[in-house]
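Participant: Take a look at the following structure, please.
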Amino acid sequence: MSANCQEKTTVGLLYRYYDVIVGLFVAILLISNLASSAKIVVLGPFIYDGGTLLFPLSYIFGDILTEVYGYDRARRTIWIGFVSAFLLAVTVALVGVLPGESDWSARVGQKAYDSVLSTTPRIVLASLIAYLAGSFSNAYLLAQMKVLTQGRWLWSRTIGSTVVGQGVDTILFVMIAFAFAEGFSAALIWNIIVSSYVFKVGVEVLFTPVTYALTGYLKRVEGVDAFDAQTDFNPFSIRRVS
């Protein structure tokens, strides 16, 4: 960790934008989860679940968190996102099984609720497993590459970590969620995997100038440029970050 970072944490000051990045990261994750369960969409040559339209931005924010604030804070944010997504799934499921009020049932009905919000346990499990595996792969690789490159060539680690992280995420999610689902042929599943992966990595590449601008700005304003040379990369190590 840089001297500026150590000084900042010693005097107990809060980072100005860290909470904003965390909030946007979690919001993107939750919105993507809702959209993923609602519809399979077609956009030009691409076929993917609706959440893929927004989900790639979570990796961009994940890159920024790791690059600027370090793996420790990225790890905490990933777990915050996991707990938030789990609470969303539990709440939607609980509301779904509770009896509806008579006027609501007559005007809207349980089928309308189920058609939009109801997801099978398989979808929830796929989303949570893929999210953890992909996000931690992305954060770990980016942090390690930053040390190896001595902070140079930001583009190589944002794109390189995304290539791996999104690959892990996409394959796990699609295979767990759709491989044994009725109506999903092997050809369709393969199409979803390829389309989703190409689209997600493509978004990362296109947003590289934005990532450069945001990380550069945050490093200057926050006075921090974390290097994870001595970091414990255990994803299950939850400790307080000063």
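The numbers here are math on the coordinates, done by the rules we state, and not lab data. Worth saying up front: this structure is predicted, and the values here are computed from it rather than measured. When we count neighbours, we look across all protein chains shown, and the Cβ atoms used for this are built from the backbone with ideal geometry, even at glycine.
Participant: Inside the stretch 89-112, can you point out the residues that are on the phi < 0 side of the Ramachandran plot, assigned to a loop (DSSP other than H, G, I, E, B) and surrounded by 12 or more Cβ atoms within 10 Å (Cβ to Cβ)?
Facilitator: Within the stretch 89-112, G100, V108 qualify.
Participant: I would also like to ask the following. Does the stretch 60-68 include one or more residues that are aromatic (F, W, Y), over 20 Å from the mean Cα position of the chain (by Cα) and in a helix (DSSP H, G or I)?
Facilitator: No, the stretch 60-68 has no match at all.
Participant: Go through the residues of the stretch 179-190 one by one and say whether even a single one is part of a helix (DSSP H, G or I), under 22 Å from G81 (Cβ atoms) and without any contact (Cβ under 8 Å) to a residue 40 or more places away in the chain.
Facilitator: The answer is no, given that none of the residues of the stretch 179-190 is part of a helix (DSSP H, G or I), under 22 Å from G81 (Cβ atoms) and without any contact (Cβ under 8 Å) to a residue 40 or more places away in the chain.
Participant: Using beta carbons and a limit of 7 Å, which pairs, at least six apart or on different chains, have the first residue in the stretch 95-109 and free of Cβ contacts under 8 Å to residues at least 24 places away in the same chain and the second one assigned to a helix (DSSP H, G or I)?
Facilitator: Short answer, once both residue conditions are applied: G96/Y113; G96/D114; G96/L117; G100/Q110.
Participant: Would you pick out the residues in the stretch 148-159 that are assigned to a helix (DSSP H, G or I), in contact with a Ser or Thr (Cβ under 9 Å, 6 or more places away or on another chain) and not aromatic (F, W, Y)?
Facilitator: Selection gives L154, S156, R157, T158, I159.
Participant: Has the stretch 65-75 got at least one residue that is in contact with a Cys (Cβ under 9 Å, 6 or more places away or on another chain), in contact (Cβ under 8 Å) with a residue 12 or more places away in the chain and at positive phi?
Facilitator: Within the stretch 65-75, one or more residues are in contact with a Cys (Cβ under 9 Å, 6 or more places away or on another chain), in contact (Cβ under 8 Å) with a residue 12 or more places away in the chain and at positive phi.
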